[in-house]
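Engineer: Just passing along the structure, written as structure tokens.
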Amino acid sequence: MTEARSNIAPVLRYAAMRRIRSFEERVGELFLRGQSAGSMLHLSIGEEAVVGMTDAMAPGDTFTTHHRGHGVFLARGADPARMMAEIAGKESGYCRGKGGSMHIADRALGHLGANAIVGGGIPHVVGAGLTYRNRRSGQISVAFFGDGAMSQGILYESMNMAALWHLPVIFCCINNQYGMGTRVDRSAGKLGFGGRAEAFGLIAAHAEGQEVEAVHHAARDLVAAARDGRPGFLEIDAYRFYGHARMDKSPYRSPEEEAEGRARDPLTTARARLAAEGLADAADLDRIDAAAAVEMDAALEADVAAAPPGLPTMFQDVYAPGTPAPRPQADRLRAVLSEAPR
Amino acid sequence: MTETTYREAIRQALIDAMQTDPDIILLGEEVGLYGGAYGVTKGLIDMFGAERVIDAPISEPAIVGAAVGAAMTGLRPVAELMYVDFAGLVMDQLANQAAKSRYMFGGQIGVPMVLRTQGGTGRSAAAQHSQSLEAWVMHVPGLRLVMPGTVNDAYHLLRAALTQPDPVVFIEHKGLYTLKGDLDPAVPDAPWGVPLVRREGADLTILTYSRMLQESLAAAEALAARGVEAEVIDLRCLNPLDETAIFASVRRTGRALVVTEAAVTGSVASEIAARVGEACFDWLEEPVLRLGGEDIPIPVAPALERGSIPDAALIAETALWLVRREAPAWA
């Protein structure tokens, strides 16, 4: 590290973004190797500046994410090996191979769950906000979602409740310009989503997705206000570098547009800024990149070696332990056919 | 032991539970100042304050969704869906979120919430305020489902629901709120998840729940006058459901009539009939019969509404048809 470094936080945010990029590249590789559980893999490459938001949160704060939430969870402290294992449907994964990429969660880190229903996890932060308000715990809860959820009614119901009840809640829209194959200007009558949030009485902010420090600046203010019972909304204006899911080659957009979008790379921007401000030089940043690559390679290899869950575990955790569990079909059939007199 | 109403028993269960457990909150439309559309939560906002008895905007999906989030983070919310007919609005939060969170997240995050709602006919409230949609709930793994048919059960099953670690859908019947009966807050009728023989009989087994329990018990009295003794089993909880007493009864009587108020196709009655048919096949003297609501939307005209669902007379006539092959006049 350079001697000029006086503030390590931006460097750490760069490292966090690099870890996300590196992780997602290997998740893509997992898929290509046929090692992922299913085809539902939504990469957050291009959206790494969300680190500016997660970095403004405190230990004990909670959050929900959407189907494209790997980056958010990693930035909140997830173990990449356990994440990778969950994505591959392994017993050692965060959810013991029951959830996968789109339903990853970890109570200890405050992750109340990734969600595969667009907007489905948003009202959960309203409920978490009620808990924290009633207990005066000082915690906040943040919903992360994409621009697609801006068309879901439950978002607006949730915004209204958060404002009405003065809840410690933030709605964070990672606008990557696409809901599957539909560009945001083909799904929204009016762009610039902050106005919608303000209409409900939320504090709204907007940040460019290639500027993690700008995201962080906006997020800090929103977090402080939310802790004070003034809920907020943050739109991070990003670009989804690749297709909706791994099979999607994005035939609905032009190579020119993609090149322009990928030029808005939060990692490239951060590298230039850190160097210009003397916080890190190219060698420092290269070492960060190399460390992330080593870490994520190890996570990938550990995952490939991990065991799948045993078949009987399918009946576990439908209900709480110690309460009546689902009856395996074989047991029912055996009872019917063995008890019946011949 | 005191005589009270089904409505008061539910209200008392909420009060007693809220006094015992400070994490319980009520969340729903008109639960506070108004006191509940059917008066169940009257006065609770004065007793427990607006932070625990929360009047929500008319946003059913987010009411249930907020209850899910509150339950995930340590509260024990009682969300109220004013009419079960509004279930269509909330099915994502109920069936995809509340029901599946524990499983999807590998057992890490439970959702100990209760969704209180009410359904059923009897008020000429027409097609969107009169349905019996318990089958929608029973179909979803992860949801517990309770439908009390007596005053004492209304109290005790709600108290029990408020100790469950998983989401419970508690469906009241609008036609039972004024039902009078004995409440003993110290003694439940039976344990959680266990059906109860409400009346013993040797000639057939009537399997039912909620308001149809009362109609079935009345039918049983009419049948007794005709020399037919019906055993009436109150299912009480539809999930979990311990089938031991059900199968034992049907194997003894050899005849089963499943009675529900819901439209019969794809109903809880169909599921119960299937289970009885599988488990009791060799003991059955007759086919398992289902008697339910007609497969139509509920019409507003009182005569049509009454005509579309079973009552004591129809249950008794159907039972006689089953037991004695005495076809009723309408057959």
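The values are calculated or read from the model by the stated rules, or taken from the named source; none is laboratory data. This structure is a prediction, so every number in the text was calculated from the model and none was measured. Neighbour counts run over all protein chains shown; Cβ positions are idealised from the backbone, glycine included.
Engineer: Would you confirm whether or not region B:186-199 contains a residue that is among the basic types (K, R) and either crowded, with 24+ Cβ neighbours inside 10 Å or over 17 Å from B:V258 (Cβ atoms) (or both)?
Structural biologist: Scanning region B:186-199 turns up no residue that is among the basic types (K, R) and either crowded, with 24+ Cβ neighbours inside 10 Å or over 17 Å from B:V258 (Cβ atoms) (or both).
Engineer: Scan region B:16-34 residue by residue and report those that are in contact (Cβ under 8 Å) with a residue 60 or more places away in the chain and assigned to a helix (DSSP H, G or I).
Structural biologist: B:D16, B:A17
Engineer: Further question: Given the criteria of a type in the set (D, E, K, R), surrounded by 19 or more Cβ atoms within 10 Å (Cβ to Cβ) and touching a residue at least 12 places away in the same chain (Cβ under 8 Å), does B:E51 qualify?
Structural biologist: no
Engineer: Next up: Does region A:201-212 include one or more residues that are more than 18 Å from A:H42 (Cα to Cα), in contact with a helix residue (DSSP H, G or I) (Cβ under 9 Å, 6 or more places away or on another chain) and polar (S, T, N, Q)?
Structural biologist: Yes: region A:201-212 contains one or more residues that are more than 18 Å from A:H42 (Cα to Cα), in contact with a helix residue (DSSP H, G or I) (Cβ under 9 Å, 6 or more places away or on another chain) and polar (S, T, N, Q).
Engineer: For region A:107-121, enumerate the residues that are more than 7 Å from every other protein chain (Cβ to nearest Cβ) and within 14 Å of the chain's Cα centre (by Cα).
Structural biologist: Hits for region A:107-121 are A:L109, A:G110, A:H111, A:A114, A:N115, A:A116, A:V118, A:G119, A:G121.
Engineer: Considering each of B:A219, B:A154 in turn, give the residue that is under 30 Å from B:I109 (Cα atoms) and at pLDDT 95 or above.
Structural biologist: Criteria check complete, one pass: B:A154.
Engineer: Here's a follow-up. Since A:Q139 meets every condition but one in (1) farther than 16 Å from A:G60 by Cα; (2) more than 8 Å from chain B (Cβ to nearest Cβ), which condition does it not meet?
Structural biologist: (1)
Engineer: Would you mind telling me which numbered condition in (1) touching a Lys or Arg at 6+ places or on another chain (Cβ under 9 Å); (2) assigned to a helix (DSSP H, G or I); (3) touching a residue at least 40 places away in the same chain (Cβ under 8 Å) A:M57 fails?
Structural biologist: Answer for A:M57: the failing condition is (2).
Engineer: Also: So how many residues does region A:290-326 have that are in a loop (DSSP other than H, G, I, E, B) and either in contact with a Leu (Cβ under 9 Å, 6 or more places away or on another chain) or within 10 Å of chain B (Cβ to nearest Cβ) (or both)?
Structural biologist: So the answer is 12.
Engineer: Between B:T208, B:T150, B:T178, which is under 30 Å from B:P297 (Cβ atoms), assigned by TED's automatic domain parsing to the domain that holds B:P287 and in contact (Cβ under 8 Å) with a residue 40 or more places away in the chain?
Structural biologist: One residue alone meets the criteria, B:T208.
Engineer: If A:A199 passes every condition in (1) within 23 Å of B:L89 (Cβ to Cβ); (2) within 14 Å of another protein chain (Cβ to nearest Cβ) but one, which one does it miss?
Structural biologist: The single condition A:A199 does not satisfy is (2).
Engineer: Go through (1) within 20 Å of A:G153 (Cβ to Cβ); (2) assigned to a loop (DSSP other than H, G, I, E, B) one by one and return the number of the condition A:R246 breaks.
Structural biologist: Unmet for A:R246, out of (1) within 20 Å of A:G153 (Cβ to Cβ); (2) assigned to a loop (DSSP other than H, G, I, E, B): (1).
Engineer: For region A:327-342, name all the residues that are at the interface with another protein chain (Cβ under 8 Å from one of its Cβ atoms) and not hydrophobic (A, V, I, L, M, F, W, C).
Structural biologist: Within region A:327-342, A:R332, A:E339, A:P341 meet the criteria.
Engineer: Can you tell me how many residues in region B:40-57 are assigned to a loop (DSSP other than H, G, I, E, B), among the hydrophobic types (A, V, I, L, M, F, W, C) and either under 23 Å from the mean Cα position of the chain (by Cα) or more than 9 Å from chain A (Cβ to nearest Cβ) (or both)?
Structural biologist: 2
Engineer: Quick one: would you say B:H156 is crowded, with 21+ Cβ neighbours inside 10 Å and under 27 Å from A:G322 (Cβ atoms)?
Structural biologist: It is true that B:H156 is crowded, with 21+ Cβ neighbours inside 10 Å and under 27 Å from A:G322 (Cβ atoms).
Engineer: Then there's this: Among the residues of region A:87-98, what is the count of those that are within 15 Å of the chain's Cα centre (by Cα) and at pLDDT 95 or above?
Structural biologist: 1
Engineer: Which of the following residues is crowded, with 24+ Cβ neighbours inside 10 Å and more than 9 Å from every other protein chain (Cβ to nearest Cβ): A:S101, A:S92?
Structural biologist: A:S101
Engineer: Restricting region B:94-122 to residues that are more than 7 Å from chain A (Cβ to nearest Cβ) and among the hydrophobic types (A, V, I, L, M, F, W, C), which is surrounded by the fewest Cβ atoms within 10 Å (Cβ to Cβ)?
Structural biologist: Among residues in region B:94-122 that are more than 7 Å from chain A (Cβ to nearest Cβ) and among the hydrophobic types (A, V, I, L, M, F, W, C), the one surrounded by the fewest Cβ atoms within 10 Å (Cβ to Cβ) is B:A95.
Engineer: Those residues that are under 26 Å from A:Q152 (Cα atoms), touching a residue at least 40 places away in the same chain (Cβ under 8 Å) and not in a loop (DSSP other than H, G, I, E, B), I need them from region A:197-215; list them, please.
Structural biologist: Answer for region A:197-215, where residues must be under 26 Å from A:Q152 (Cα atoms), touching a residue at least 40 places away in the same chain (Cβ under 8 Å) and not in a loop (DSSP other than H, G, I, E, B): A:A207, A:E208, A:V215.
Engineer: Residues that are more than 13 Å from every other protein chain (Cβ to nearest Cβ), under 15 Å from the mean Cα position of the chain (by Cα) and not hydrophobic (A, V, I, L, M, F, W, C): which strands (runs of 3 or more DSSP E) entirely in region B:212-290 hold 1 or more of them?
Structural biologist: Result: B:230-234, B:256-263.
Engineer: Using the structure shown, decide if A:P266 is closer than 21 Å to A:F144 by Cα, over 18 Å from the mean Cα position of the chain (by Cα), in contact (Cβ under 8 Å) with a residue 12 or more places away in the chain and buried (at least 16 other Cβ atoms within 10 Å of the Cβ).
Structural biologist: For A:P266, the condition - closer than 21 Å to A:F144 by Cα, over 18 Å from the mean Cα position of the chain (by Cα), in contact (Cβ under 8 Å) with a residue 12 or more places away in the chain and buried (at least 16 other Cβ atoms within 10 Å of the Cβ) - is not met.
Engineer: In the list B:A13, B:A37, B:A79, B:A71, which residue meets the criterion of being crowded, with 22+ Cβ neighbours inside 10 Å, away from chain A (no Cβ under 14 Å) and either touching a strand residue (DSSP E or B) at 6+ places or on another chain (Cβ under 6 Å) or in contact (Cβ under 8 Å) with a residue 24 or more places away in the chain (or both)?
Structural biologist: B:A13
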